[in-house]
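The values are calculated or read from the model by the stated rules, or taken from the named source; none is laboratory data. All figures in this text were calculated on a predicted structure; none of them were measured in a lab. When we count neighbours, we look across all protein chains shown, and the Cβ atoms used for this are built from the backbone with ideal geometry, even at glycine.
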Amino acid sequence: MPEQDRELTPLEKNRALAEWLEFQLRQVRGRIRELEVQEEQERRRREAAHAAQRWKIQPQRSNAQALLHRGNCTLYKNDFGFISREEAMIALAEPDIHPCEICRPETGLAQ
């Protein structure tokens, strides 16, 4: 009987099944990695959008004035101490706190 016409043995069937399941598992694990990357990118986008709607104050230094920044300003990197829109408006009204000339936080307060 030709090789292609014979019935597979239970061992051969199980080996074929194992190969197919391993292939499926690799596919699923690859998809999980893709979804994890997508979730991380989405989390970063949400955080960036949220930071853009917040403000932060750079304390006054001996050689520089205190500055108000948008939450996502890269000139003053600080991931904590964010203030609300109302608090930022109060801060800008203070004579010793000036708006950052790079991120221009006052434009976001004019809404």
| Taking segment 71-102 only, how many residues are in a loop (DSSP other than H, G, I, E, B) and either on the phi > 0 side of the Ramachandran plot or surrounded by 14 or more Cβ atoms within 10 Å (Cβ to Cβ) (or both)? | 7
| request: Answer yes or no as to whether Leu35 is surrounded by 14 or more Cβ atoms within 10 Å (Cβ to Cβ), of a type outside the set (Ser, Thr, Tyr) and at pLDDT 90 or above. | output: no
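Yes/no matrix, rows are residues, columns are (1) modelled with pLDDT under 85; (2) within 21 Å of the chain's Cα centre (by Cα):
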position	(1), (2)
Arg43	no, yes
His69	no, yes
Lys77	yes, yes
Phe82	no, yes
Ala88	no, no
Cys100	no, no
Pro105	no, no
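Of the residues that make up segment 50-70, is at least one in contact (Cβ under 8 Å) with a residue 12 or more places away in the chain, outside any helix (DSSP H, G or I) and of a type in the set (Ser, Thr, Tyr)?
Quick first cut of segment 50-70, residues in contact (Cβ under 8 Å) with a residue 12 or more places away in the chain only: 50-58, 60, 65-70.
Still in the running and outside any helix (DSSP H, G or I): 53-58, 60, 65-70.
With the extra rule that they be of a type in the set (Ser, Thr, Tyr), the set shrinks to none.
Scanning segment 50-70, I find no residue that is in contact (Cβ under 8 Å) with a residue 12 or more places away in the chain, outside any helix (DSSP H, G or I) and of a type in the set (Ser, Thr, Tyr), so the answer is no.
Consider segment 1-28. How many of its residues are of a type outside the set (A, V, I, L, M, F, W, C) and surrounded by 10 or more Cβ atoms within 10 Å (Cβ to Cβ)?
Step one: filter segment 1-28 for residues of a type outside the set (A, V, I, L, M, F, W, C), giving 2-7, 9-10, 12-15, 19, 22, 24, 26-27.
Now restrict to residues that are surrounded by 10 or more Cβ atoms within 10 Å (Cβ to Cβ): 12-15, 19, 22, 24, 26-27.
Of the residues in segment 1-28, 9 are of a type outside the set (A, V, I, L, M, F, W, C) and surrounded by 10 or more Cβ atoms within 10 Å (Cβ to Cβ).
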| query | Residues in segment 50-58: is at least one of a type in the set (Val, Ile, Thr) and touching a Leu at 6+ places or on another chain (Cβ under 9 Å)? | reply | yes
